[in-house]
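I have placed the structure first, in the form of structure tokens, so that the comments after it can refer back to it.
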Amino acid sequence: MPHSLNYTIRTRSRAKALVQIAQLLTRQIFRLDERAKQNHYHQMVAHVQDIQRHVFRQIRFRFMTWHGQIEGSRLAQLTVDKLFGRANSLSGDDSF
């Protein structure tokens, strides 16, 4: 086999291997990016839930002084659900 042909074969297989390595690294980088996005999303959800709990505690205290413990807690939960755009976690007609 002539030297130039042997060199061409090795170069092509080396180039093919480099392309495959680049593809694998690219996939790995995108997976890391996806994991970072998921971690960021979970952190955001945790922060929002923390804010919701804090607002609930503040509102609940005021509603409890006006309406009693059970009704005050229920109204506080409904208020937090409305403020944060969640579906009502409690069933029943609360149109007032």
Scan region 28-46 and give yes if some residue there is at pLDDT 80 or above, open to solvent by less than 90 Å² (accessible area, probe 1.4 Å) and among the aliphatic types (A, V, I, L, M), otherwise no.
yes
How many residues are surrounded by 13 or more Cβ atoms within 10 Å (Cβ to Cβ) and within 31 Å of the chain's Cα centre (by Cα) if we restrict to region 52-76?
9
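The values are calculated or read from the model by the stated rules, or taken from the named source; none is laboratory data. Given the structure is predicted, the values throughout are model-derived calculations rather than measurements. Cβ sites come from the backbone with ideal geometry, for glycine too, and all protein chains shown count toward neighbours. Surface areas here come from the heavy atoms of the whole protein model, side chains and all, with no ligands, DNA or RNA. Shrake-Rupley method; radii C 1.70, N 1.55, O 1.52, S 1.80 Å.
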